[in-house]
Amino acid sequence: MTVPPYGGPVRRRTTKTGQSALAAKTGRPALAVVGATGAVGTVMLQILSQHADIWGEIRLVASPRSAGRKLSVRGEQVEVVALTEEVFDGIDVAMFDVPDEVAERWAPVAAAKGAVVVDNSGAFRMDPEVPLVVPEVNPHAARVRPRGIVANPNCTTLSMIVALGALHAEFGLRELVVSSYQAVSGAGQRGVDTLRQQLKLVAGTELGTTPGDVRRAVGDNTGPFPEPVALNVVPWAGSLREDGWSSEEMKVRDESRKILGLPNLPVAVTCVRVPVVTTHSLTVHARFQGEVTVNRAREILATAPGVVLFDNPAAGEFPTPADVVGTDPTWVGRVRRTLDDPTALELFVCGDNLRKGAALNTAQIAELVAAEL
Ligand SMILES: NC(=O)c1ccc[n+]([C@@H]2O[C@H](COP(=O)([O-])OP(=O)(O)OC[C@H]3O[C@@H](n4cnc5c(N)ncnc54)[C@H](OP(=O)(O)O)[C@@H]3O)[C@@H](O)[C@H]2O)c1
């Protein structure tokens with residue numbers, strides 16, 4: 001199909017002045033947060049309370065289990081409503097922070113009712129008619145949305161892509177080799193609950209000294225993880241894909257290629273879960289088109305929007321999840337040129353998977369869209 005230059009064929013319920021009914025009343029666009037009670041939704045409400053208040057009504061939506069609960073946003077208590085077709089009446093932008101199958105079913109409903117959907121799930125990320133957007137890297141892509149949907153990348157990709165996008169713009173990326181050290185909140189609220197429960201069971205013990213002692217202590221309660229995550233690292237995230245790859249590993253590969261506009265970029269990823277509540281870390285081996293210098297790489301990272309260079313190993317300074325959690329930027333340390341390849345760099349990157357890795361990027365996309373309305 002032909003893609004119109006801006007906005008796509010969005011079907012919008014409008015007044016005679018071209019605005020949605022609520023936007024016309026308040027002068028500001030109306031927002032729905034679908035999945036407001038979840039791990040990402042909770043951080044989203046904090047971000048909406050901290051960012052410039054550009055929204056008229058903010059409607060909070062979740063499953064019928066949460067209907068009637070009150071949540072705080074912009075200093076006000078707002079009642080959660082159950083997801084139905086009617087919740088999108090008068091809504092200009094609908095953020096979806098819900099499981100894939102819920103987004104798959106309901107995002108098109110919201111788009112058909114005239115809302116621009118910004119979807120945090122994996123349901124539409126690889127749809128060629130849905131842009132996958134990181135505002136620091138490819139903001140222009142958000143304006144072309146034939147299905148009325150803009151997708152937010154997955155948290156592991158987002159935790160590194162702002163820094164990589166800046167390096168790619170200067171050096172031209174040729175290859176990526178990535179290992180992740182992923183926080184349990186990447187598996188939602190249930191992941192956090194599982195780690196906290198397991199930590200209670202192992203705290204103050206001598207466990208971790210004989211094979212299987214941690215597994216016996218935590219029992220079968222491994223929650224969304226295939227192995228105990230307390231006192232452990234688990235080389236797995238997501239579900240099984242072809243040839244032993246995990247879905248999370250395939251997401252990092254496919255989404256990095258789409259965001260950077262490099263459909264043939266060689267990407268090899270190993271995803272590992274670690275006993276960290278929030279903030280994903282990654283080691284990145286990035287090979288570029290020609291020789292690179294650490295000094296120039298450091299200059300680029302030190303000045304790139306959304307990136308903090310924190311790299312002084314002599315002083316013991318490098319990013320760690322314990323310091324990065326709750327912050328917005330992508331933090332980069334341990335910048336080195338690969339010893340055996342002058343065209344490649346080694347980096348250690350940390351990003352809060354619930355902020356830039358999810359809610360913040362979604363909020364930034366929604367703000368880009370709102371500026372058009
Ligand atoms: N966690 C991360 O780091 C991260 C990062 C990037 C993207 N994401 C994606 O963001 C989405 C949300 O993840 P999360 O970690 O916030 O999950 P979560 O903590 O499990 O929260 C899920 C949310 O979806 C709602 N929900 C579930 N089923 C529903 C239904 N049938 N109808 C309406 N609402 C329903 C839940 O409402 P109730 O409370 O009423 O059940 C809750 O608000 C997922 O697609 C995830 O892959 C997560």
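The values are calculated or read from the model by the stated rules, or taken from the named source; none is laboratory data. Predicted model, so just to flag it, every value in this text is computed and none were measured. We place every Cβ from the backbone using ideal geometry, glycine too, and count neighbours over all the protein chains shown. Side chains included, ligands, DNA and RNA excluded: accessible areas come from the protein's heavy atoms. Shrake-Rupley method; radii C 1.70, N 1.55, O 1.52, S 1.80 Å.
How many residues does segment 92-125 hold that are within 14 Å of the ligand (Cβ to nearest atom), assigned to a loop (DSSP other than H, G, I, E, B) and aliphatic (A, V, I, L, M)?
Let us first name the residues in segment 92-125 that are within 14 Å of the ligand (Cβ to nearest atom), namely 94-107, 109-110, 117-125.
Remaining after also requiring assigned to a loop (DSSP other than H, G, I, E, B): 97-99, 120-125.
Narrowing the set further to residues that are aliphatic (A, V, I, L, M) leaves 98, 123.
Total meeting the criteria: 2.
Considering segment 235-266 alone, what residues qualify as being among the hydrophobic types (A, V, I, L, M, F, W, C) and within 30 Å of L167 (Cα to Cα)? Before the answer, list the steps.
First, pick out the residues of segment 235-266 that are among the hydrophobic types (A, V, I, L, M, F, W, C): 236-237, 240, 245, 250, 252, 259-260, 262, 265.
Matches in segment 235-266: W236, A237, W245, M250, V252, I259, L260, L262, L265.
Collect the residues in segment 47-73 that are without any contact (Cβ under 8 Å) to a residue 40 or more places away in the chain, open to solvent by less than 70 Å² (accessible area, probe 1.4 Å) and more than 14 Å from the ligand (Cβ to nearest atom), keeping them in residue-number order. Once the filter is applied, which keeps residues that are without any contact (Cβ under 8 Å) to a residue 40 or more places away in the chain, open to solvent by less than 70 Å² (accessible area, probe 1.4 Å) and more than 14 Å from the ligand (Cβ to nearest atom), segment 47-73 yields S49, G56, E57, I58, S72. Out of V276, V284, V272, one residue alone is away from the ligand (no atom under 16 Å from the Cβ), within 23 Å of L354 (Cβ to Cβ) and either among the polar types (S, T, N, Q) or in contact (Cβ under 8 Å) with a residue 12 or more places away in the chain (or both). It is V284.
Under 30 Å from V335 (Cβ atoms) and buried (at least 16 other Cβ atoms within 10 Å of the Cβ): does that describe T194? Spell out the reasoning first.
Details: under 30 Å from V335 (Cβ atoms): no; buried (at least 16 other Cβ atoms within 10 Å of the Cβ): yes.
So T194 fails the test.
Among the residues of segment 147-191, those that are in contact with a Lys or Arg (Cβ under 7 Å, 6 or more places away or on another chain) and open to solvent by 20 Å² or more (accessible area, probe 1.4 Å) comprise R174, E175.
Exactly one residue among P228, P135 is within 15 Å of the chain's Cα centre (by Cα), under 26 Å from L354 (Cβ atoms) and open to solvent by less than 50 Å² (accessible area, probe 1.4 Å), and that residue is P135.
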